[in-house]
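The values are calculated or read from the model by the stated rules, or taken from the named source; none is laboratory data. Because the structure is a prediction, the values reported are computed rather than measured. Glycine gets a Cβ as well: all are built from the backbone with ideal geometry, and neighbour counts include every protein chain shown. Note: areas computed on protein heavy atoms with side chains; ligands, DNA, RNA excluded. Shrake-Rupley method; radii C 1.70, N 1.55, O 1.52, S 1.80 Å.
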Amino acid sequence: MNFHKIEERILSLCPYIKEIVVTTYNGHPFAVIYPNFQTLKTAHIINIESEIRWYGVELYNMEVEESEKVRGYMLLTEALSKTKSGEFDLSAIEALISEDKTKIKISQEEPADDVYKTLKSYISTLSSATVLPSSHIELDLRLDSLNYVELFVFIENSFGVKIDEAIFSELMIMQDLYNYIKEHKHYINPTKTEWEDILSAKKDEELIYSPFIMFAYKTILLPLFKIFFRLEVKGVQNIPASTCIIAPSHQSMLDGFLIEATLPYSILKNTFFLAFKQVFGTFFFNPIAKHGQSILIDANIELRETMQHVSLPLKKGHNLVIFPEGARTRDRKLLEFRPFFAMLSKTHNVPIVPVVVDGSYEALPTGKILPRPKKVKVTYLKPIYPEDMGYDEITMLVKNAIEVEMKNNPIINR
């Protein structure tokens, strides 16, 4: 296999990669990647791994046969090791892949003032990793968009320093963030704000209702899908009459339309859909989203305001459709579930209805434009109530429910 060719192709696809080495790990191609942090800062990207994964590694995977797909990757915060001749040091890189980083104990001199102690103490509540001055907020400490909002609010309330995504994209190393806060602070008063307080802020935006258009979508799509995809729908009776979050698995671009088609109209007219602006804000999809009770989000800008807007349907007693994986599967397996939907469920005390969308992966694989007449099944499972559970427990219960249903009642389309 020509690893150099794979490296060149991924580099050509993603401007946010500076260096890449592809080698073999567990019998499959594996990429070690050093991001182009300067380009990421210029573009104000704060969800670095997601950007590189979907617009680098996975775009490449869509083009090639199964045997050539990159099955794993590692993002580094320092440049890749090189030999004296300037070539990549493959032995050092392969050793890096196989080593257990949890056994490495690193000691660094840390600032001793209250600003650093307060900041480190709070970030330690968000991450199980060791917090060091050199730690990258995302790549080392594994913070995500949900954590970013919590962090921004904490910094504003505790130090009087307002940080937005553009500023934060320049400060994703712990030492840099500390330096910025120390320079701009007005006071030190550690104050943690709960999500209920963050989401309760009044928003000027209003929800755009389109009940007649939603009815038209359903009227057209449901019979069309039943004929073309032999669509099978189960478990609609599990959807509660009260406000809820509908959380489907995500196999293809068809999934949102399948949910629109299969929800009873009495529920559909009171339901809003969460979608990414990068996809549904485009020329082709924007008219559909605008009149389809959709809330468009961008994971790299105005996160706090976005999350407040997303919570509006729930605050007003309506339903919200969120795909917990945040992206479509590239190999039919479930992706990691992001906990945002669990936070909303817990904060607003509304149940989650897990939904299995199965067969749409074969009907419209990633990278294809025209759907194929494959059988599709949509199954609404019993609701899960947040009660006294934490976000992680809620997230895992929903994912497990979907996994069990997919395992016990599979569609054979392959």
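How about the stretch 32-68: which of its residues are open to solvent by less than 60 Å² (accessible area, probe 1.4 Å) and either part of a loop (DSSP other than H, G, I, E, B) or among the small types (Gly, Ala, Ser) (or both)?
Asn36, Ala43, Ile45, Ile46, Asn47, Ser50, Gly56, Val64
Could you list, in sequence order, all residues of the stretch 72-86 that are in a loop (DSSP other than H, G, I, E, B), open to solvent by 30 Å² or more (accessible area, probe 1.4 Å) and either farther than 17 Å from Val22 by Cβ or touching a helix residue (DSSP H, G or I) at 6+ places or on another chain (Cβ under 8 Å) (or both)?
Once the filter is applied, which keeps residues that are in a loop (DSSP other than H, G, I, E, B), open to solvent by 30 Å² or more (accessible area, probe 1.4 Å) and either farther than 17 Å from Val22 by Cβ or touching a helix residue (DSSP H, G or I) at 6+ places or on another chain (Cβ under 8 Å) (or both), the stretch 72-86 yields Thr77, Glu78, Ser81, Thr83, Lys84, Ser85, Gly86.
Among the residues of the stretch 177-186, write down those that are part of a loop (DSSP other than H, G, I, E, B) and open to solvent by 100 Å² or more (accessible area, probe 1.4 Å).
Across the stretch 177-186, the qualifying residue is only His186.
Can you run down the residue pairs with Cβ atoms below 7 Å, 6 or more apart or on separate chains, where the first is in the stretch 332-358 and under 19 Å from Val149 (Cβ atoms) and the partner is β-branched (Val, Ile, Thr) and surrounded by fewer than 20 Cβ atoms within 10 Å (Cβ to Cβ)?
Matching pairs, first to second residue: none at all.
In the list Glu156, Glu170, which residue meets the criterion of being open to solvent by 20 Å² or more (accessible area, probe 1.4 Å), in contact with a Lys or Arg (Cβ under 9 Å, 6 or more places away or on another chain) and not in a loop (DSSP other than H, G, I, E, B)? Before the answer, list the steps.
Details: Glu170 fails: not in a loop (DSSP other than H, G, I, E, B).
Of the residues listed, the single one that is open to solvent by 20 Å² or more (accessible area, probe 1.4 Å), in contact with a Lys or Arg (Cβ under 9 Å, 6 or more places away or on another chain) and not in a loop (DSSP other than H, G, I, E, B) is Glu156.
Report, by residue number, each residue of the stretch 364-379 that is hydrophobic (A, V, I, L, M, F, W, C) and modelled with pLDDT under 95. Show your work before the answer.
Going residue by residue through the stretch 364-379, those that are hydrophobic (A, V, I, L, M, F, W, C) are 364, 369-370, 376, 378.
If the condition is that a residue be hydrophobic (A, V, I, L, M, F, W, C) and modelled with pLDDT under 95, then Leu364, Ile369, Leu370 are the ones that fit.
Can you report the number of residues in the stretch 86-128 which are hydroxyl-bearing (Ser, Thr, Tyr) and either modelled with pLDDT of 95 or more or closer than 23 Å to Glu150 by Cα (or both)? Lay out the reasoning, then the answer.
First pass over the stretch 86-128, keeping only residues hydroxyl-bearing (Ser, Thr, Tyr): 91, 98, 102, 107, 116, 118, 121-122, 124-125, 127-128.
Still in the list and also either modelled with pLDDT of 95 or more or closer than 23 Å to Glu150 by Cα (or both): 116, 118, 121-122, 124-125, 127-128.
Total meeting the criteria: 8.
Go through Leu132, Leu151, Leu139, Leu143 for me and flag whichever is among the hydrophobic types (A, V, I, L, M, F, W, C), closer than 24 Å to Glu325 by Cα and open to solvent by 10 Å² or more (accessible area, probe 1.4 Å).
Details: Leu132 fails: closer than 24 Å to Glu325 by Cα; Leu151 fails: open to solvent by 10 Å² or more (accessible area, probe 1.4 Å); Leu143 fails: open to solvent by 10 Å² or more (accessible area, probe 1.4 Å).
Going through Leu132, Leu151, Leu139, Leu143 in turn, just one is among the hydrophobic types (A, V, I, L, M, F, W, C), closer than 24 Å to Glu325 by Cα and open to solvent by 10 Å² or more (accessible area, probe 1.4 Å): Leu139.
Could you check Ser249 against (1) within 22 Å of Lys382 (Cβ to Cβ); (2) of a type in the set (Ser, Thr, Tyr); (3) more than 16 Å from the chain's Cα centre (by Cα) and say which number it fails?
The failed condition is (3).
Which residues, taken from the stretch 21-31, are open to solvent by less than 80 Å² (accessible area, probe 1.4 Å) and touching a residue at least 40 places away in the same chain (Cβ under 8 Å)?
Within the stretch 21-31, Val21, Val22, Thr23, Pro29, Phe30, Ala31 meet the criteria.
If a residue has to be part of a helix (DSSP H, G or I), over 19 Å from the mean Cα position of the chain (by Cα) and not aliphatic (A, V, I, L, M) to count, how many in the stretch 124-153 make the cut? Before the answer, list the steps.
Quick first cut of the stretch 124-153, residues part of a helix (DSSP H, G or I) only: 124-126, 145-153.
Those still in the list that are over 19 Å from the mean Cα position of the chain (by Cα) too: 124-125, 153.
The next check asks that each one be not aliphatic (A, V, I, L, M); those that pass are 124-125.
The qualifying residues number 2.
What's the total number of residues in the stretch 187-219 that are touching a residue at least 40 places away in the same chain (Cβ under 8 Å), in a helix (DSSP H, G or I) and open to solvent by 40 Å² or more (accessible area, probe 1.4 Å)?
Result for the stretch 187-219: 5.
Given the structure, is Lys382 of a type in the set (Lys, Arg), exposed (fewer than 15 other Cβ atoms within 10 Å of the Cβ) and modelled with pLDDT under 95? Show your work before the answer.
Details: of a type in the set (Lys, Arg): yes; exposed (fewer than 15 other Cβ atoms within 10 Å of the Cβ): yes; modelled with pLDDT under 95: no.
No, not satisfied.
Identify, please: which residue in the stretch 350-389 is in contact with a Pro (Cβ under 9 Å, 6 or more places away or on another chain) and in a helix (DSSP H, G or I) and is, among those, farthest from Ile402 (Cα to Cα)?
Ala363
Would you confirm whether or not the stretch 220-232 contains a residue that is closer than 30 Å to Leu75 by Cα, assigned to a loop (DSSP other than H, G, I, E, B), in contact (Cβ under 8 Å) with a residue 24 or more places away in the chain and not polar (S, T, N, Q)? Walk me through it before giving the result.
Start the filter on the stretch 220-232 by keeping residues that are closer than 30 Å to Leu75 by Cα, which leaves none.
No.
Please indicate, with yes or no, whether at least one residue in the stretch 111-122 is part of a loop (DSSP other than H, G, I, E, B), in contact (Cβ under 8 Å) with a residue 24 or more places away in the chain, in contact with a helix residue (DSSP H, G or I) (Cβ under 7 Å, 6 or more places away or on another chain) and closer than 23 Å to Lys41 by Cα. Explain how you work it out, then say what you get.
Taking the stretch 111-122 and keeping what is part of a loop (DSSP other than H, G, I, E, B), we get 111-113.
The next check asks that each one be in contact (Cβ under 8 Å) with a residue 24 or more places away in the chain; those that pass are 111, 113.
Now narrow it down to the ones that are in contact with a helix residue (DSSP H, G or I) (Cβ under 7 Å, 6 or more places away or on another chain): 111.
Next, from what is left, pick out any that are closer than 23 Å to Lys41 by Cα: none.
No, the conditions are met nowhere in the stretch 111-122.
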